[in-house]
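See below for the structure under consideration.
The values are calculated or read from the model by the stated rules, or taken from the named source; none is laboratory data. Keep in mind that this is a model prediction, so the values were computed, not measured. Here the Cβ positions follow ideal geometry from the backbone for every residue, glycine too, while neighbour counts run over all protein chains shown.
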Amino acid sequence: MARFLQKPSISPVVALRVRDDDRSAGPAELPVQGPGEQAGQGRERPAPPPHRGRLGHRAWWVAAAALLAIVVAGAFSTLPGLLTGPLHREFGWSRGSIGLAASVNMVLYGLTAPFAAALMDRLGMRRVVVVALLVIASGAALTSVMATAWQFTLYWGVLVGLGTGSMATAFGATVTQRWFVRRRGLVTGLLASGSVFGQMVFLPALSWIVDRHGWRPSLVTLVLAACATAPLMWLVLRDHPADVGCEPYGADRHVPRPAPVEGAGRRALALLRDAARTRPFWLMAGAYAICGASTNGIMWTHFTPAAHDHGMPATTASSLLAAIGVFNVIGTVASGWATDRRDPRRLLAVFFALRGLLLMCLPMLMSATVQPPMVGFVVAFGLLDLATVPPVVALCREFHGDGGAVVFGWVGAAHQVGAALAAYGGGAARDAFGTYAPVWVTLGALCAAAALLSLLVRRASPAGRTGGARLTAVDRL
């Protein structure tokens, strides 16, 4: 203070108005400039460190709770493949009837995500996730006492599909959007890998239970897991940092809780309508549909029978798929880390280009035994499989702001549509050509097209990056 009072150009009245917390702001904050000083050249205040409690920032606890819910939901996706044989033997149902329930489950999984994300804006994440866990527990419990194929479609296809879709990647996008300013890409990658991690954790145990004790105890196991997770979500999960008096991780100021949004369904449809009028949405949806076709649709559905065509035992092929799942986790987390530091458009282009190259090479790698080139394929494809999720989430948030999680849910629906088309088309092509080779080559070419679509997405306008309007006139259709 004394240094400022020594300047003859500052009156005592002005000096008295200098607050204690302004002393570190530098001369640029004073009404009168000293020699050699220019307005606006004061030293910037460093951002305060993230708010930490005794057990760390609350955001990480919320992320851990969300990860647990996604892991449990992912476990449910492993079961249909294990139930096909037992249900066929016990009830005599056709594989088409059994597959219908899985198809309904897949479609509802994709269509539920955007509405669930909008419902989280209306009712809060905690309520939606707890109800979703109870719904999938109810669906699995009813499936264990079913007697007809239509009941399997209703209980597993509809109820479990609705519940797991409510805890899809759109849920993870909502968590990162509300609770994190820094490390968003990394957290998105962690949450996106949760579904695959759930498959890895539960698949061996469920397979052992089905072999030793039958298919019904495996369903009871999932019911108990969902019921045990629900109260933990109610205790740990919170809807917004303001609910516990802290800031989002990495924020430099308090973020007030937004008012509840009325009409969750209407909001989801309104965001779809607005997004559908923009070029980036269709570019991302097209690329993500190809993503679904080249992963869930073809690899997770047709890789085992394709390998079996070359003399590889089904158990060996399934083990290779499990290994792909292991590297999925590593690749998704690494992609999230890279998304925090690099342009997500370029990352998507690289991921799709490499995936397409791998798929085109796959027919030459198939053999009756596992050779070193196939091991290399498993590692590389696993690293790339879910690596597209963090960049797409970042782009949806960049262009659509607070509605980014809901819009990502709609983009994810395109992913599921692509997966369903590839699952059907892959089988039809195998019947027509007697080999899967044309399927791998076609999907490799489509991945190259997805890389091009990713590069065609323009960057959001700098003026809109802190507001809701983030699209240039060129991007609007």
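Points worth noting:
- Taking every residue in the stretch 411-433 that is not assigned by TED's automatic domain parsing to the domain that holds residue 274 and pairing it with any residue that is buried (at least 17 other Cβ atoms within 10 Å of the Cβ) and among the hydrophobic types (A, V, I, L, M, F, W, C), at least 6 positions away or on another chain, yields no pair with a Cβ-Cβ distance below 7 Å.
- Boolean, residue 142 is closer than 23 Å to residue 394 by Cβ and assigned by TED's automatic domain parsing to the domain that holds residue 79: no
- Number of positions in the stretch 169-211 that are charged (D, E, K, R) and buried (at least 22 other Cβ atoms within 10 Å of the Cβ): 2
- Considering residues of the stretch 77-111 that are small (Gly, Ala, Ser) and touching a residue at least 60 places away in the same chain (Cβ under 8 Å) only, the residue nearest to residue 209 (Cα to Cα): 77
Conditions (1) of a type in the set (Gly, Ala, Ser); (2) buried (at least 16 other Cβ atoms within 10 Å of the Cβ); (3) at pLDDT 95 or above, marked per residue:
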| position | (1), (2), (3) |
| --- | --- |
| 323 | yes, yes, no |
| 329 | no, yes, no |
| 336 | yes, yes, no |
| 353 | yes, yes, yes |
| 356 | yes, yes, yes |
| 359 | no, yes, yes |
| 380 | yes, yes, yes |
| 387 | yes, yes, no |
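- Residue under evaluation residue 347, criteria (1) crowded, with 21+ Cβ neighbours inside 10 Å; (2) over 25 Å from residue 78 (Cα atoms); (3) under 15 Å from the mean Cα position of the chain (by Cα), criterion not met: (3)
- Test: residue in the stretch 244-254 that is in the same structural domain as residue 140 (by TED's automatic domain parsing), in contact with a Gly (Cβ under 6 Å, 6 or more places away or on another chain) and touching a residue at least 24 places away in the same chain (Cβ under 8 Å): no
- Options 147, 132: the member that is part of a helix (DSSP H, G or I) and small (Gly, Ala, Ser): 132
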